[in-house]
Each structure stands twice: as C-alpha cells, then as structure tokens.
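Here is the structure we will look at.
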Amino acid sequence: MEEPETRALHDLVRGRQLASSRVAVVEVVKAVARSNPQADPQAVFALLSFVELDADLARIAGSTGGAELRALDAIHVASALRLGSEVDAFVTYDSRQAAAARAAGLRVDAPGDGASA
C-alpha cells in the first residue's frame, strides 16, 4: 500500500536485515485485506525475520510501556528488546509505540514524517 512515507521507508530499509514480531503477520494481513482485498502480502513476509511470541516475551510485553500502550504495540517493542544490540532502529509511525520504544532505550525512526529520534 502506497503511503506518503513509503519512499523514505524503502530508502531506510533497503539492504538491511528486517525483523518483526510474528503478530505482524496478523496485523498486515488484516490491514491489506481492508485496503486491497486482492493484494497478497506474502512477498513482504519473505523479507522479514520473525520474533516468536512465547511466555517470556509476553511477560516482558506486559510490563512494557504504560497502561495506554496497546497490547500488540507492547509485543512489538518487547520483540525489539529481545533482539538487543541487533536493532539499529525501531521503525514506527505510532506516537504511543514510539514513546514506549524510546523509554525502553530503543532508537526510533519514522522515515518521511520528520519524527525520527
């Protein structure tokens, strides 16, 4: 799906190893189905390594961010924390998720919207 930030995002991630929480599969499939039911997101998944949700990650996610942080956003932040020093930047366009990632010590980038830090 083409968004105003798409080109800047592509420029940032080109040639980098990409990772996400496994819950992104559900999020992306649902978002694509709402936006363009004929589109197939499988090619995007082939570009990613996944962090699996297990009991320890669920525990960390439960204590990540404040009460206002949504559950799936907390899982994504906890997944990045599990990867540790392998993470150059946590990419998000969600302000609550970005704040939680920064508070957890992650560098946050939102290419194309001027909110990188």
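Could you state the angle between the C-alpha long axis of helix 23-35 and the longest principal axis of the C-alpha atoms of the chain, as a value from 0 to 90 degrees rounded to the nearest 10?
Approximately 40 degrees, to the nearest 10.
Long-range amide H contacts for Val51: which residues qualify at under 5 Å (H placed 1.01 Å from N, peptide plane, sequence gap of 5 or more or a different chain)?
Long-range HN contacts for Val51: Ser20, Ser21, Arg22.
Dipole size in debye (nearest 20) for the chain around its Cα centre, Lys and Arg Cβ +1, Asp and Glu Cβ -1?
Dipole about the Cα centre, nearest 20: 140 debye.
Counting each DSSP H run of 4 or more residues in the chain as -39500 (n - 2.57), what helix-only mean residue ellipticity at 222 nm follows after dividing by all residues, to the nearest 500 deg cm²/dmol?
Only helices count here, giving -13500 deg cm²/dmol.
Using only the alpha-carbon atoms, how far is helix 71-83 inclined from the longest principal axis of the chain? Give it as 0 to 90 degrees, nearest 10.
Computed tilt is about 80 degrees.
Which one, Ser63, Ser49, Val91, projects farthest toward the positive side of the charge dipole computed for the chain from Cβ point charges (K/R +1, D/E -1)?
Ser63
Going highest first, how would you order 99-112, 69-82, 30-43 by mean Cβ packing within 10 Å?
Ranking the peptides 99-112, 69-82, 30-43 by packing returns 69-82, 99-112, 30-43.
Expected output is a single nm value to one decimal: the length gained when fully extending between Ala31 and Glu2, i.e. 0.36 nm times separation in residues minus the C-alpha distance. What is it?
9.2 nm
Through the Karplus equation 6.51 cos²θ - 1.76 cosθ + 1.60, θ set to phi - 60°, convert the phi angles of the stretch 99-109 into ³J(HN,Hα) values in whole Hz; use x for Gly and Pro.
Running phi through 6.51 cos²θ - 1.76 cosθ + 1.60 with θ = phi - 60° gives 4, 5, 5, 4, 4, 7, x, 8, 7, 10, 10 Hz.
Every number here is computed from the coordinates shown, using simple stated rules; none is lab data. Remember, predicted model here, so these are calculated numbers, not experimental data. All Cβ positions, glycine included, derive from the backbone under ideal geometry; neighbour counts span all protein chains shown.
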